[in-house]
Amino acid sequence: MQLTLSSKGQLVLPAPVRRRLRLQARSKVELEEREDGVFIRPAAKAPAFAPIAYPPPGSLKVNQRLLSLDKLAGPDVGPDAR
């Protein structure tokens, strides 16, 4: 299969190839340079984010110095201000 490189350096993949590889507009592809030419393949999907492991309630220890600073700040400042 031959493709033509545009004056902007762009290649157009034929529609049957895009459909077969499930490529849509703005899909990412990887280009690998090899001794005999180049190899183009769909980019690997980014891994899903791992869930945040929150500590169980009551397991965090509050620093006494921070508590005294909150009291000095007054009732309208800090975590108890509502």
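Bear in mind that the values in this text are calculations on the coordinates, not laboratory data. For clarity, every value in this text was computed on a predicted model and none was experimentally measured. Cβ placement follows ideal geometry from the backbone for every residue including glycine, while neighbour counts extend to all protein chains displayed.
Assorted remarks:
- Loop-resident sites, the stretch 1-79, for GluC sites (Glu not before Pro), counting at most 15 other Cβ within 10 Å (DSSP): Glu35
- Helix 64-73 and the long axis of the chain differ in direction by around 80°, with both axes built from C-alpha atoms.
- Cross-link reach list, lysines versus Lys28, counting only Cα pairs under 22 Å and skipping chain neighbours closer than eight places: Lys8, Lys45
- log10 of Debye I(q)/I(0), alpha-carbon scatterers only, for the chain at 0.13, 0.14, 0.16, 0.26 Å⁻¹: -0.63, -0.69, -0.83, -1.35
- Ellipticity estimate at 222 nm from DSSP helix runs (n ≥ 4, -39,500 (n - 2.57)) divided over the chain, nearest 500: -5000 deg cm²/dmol
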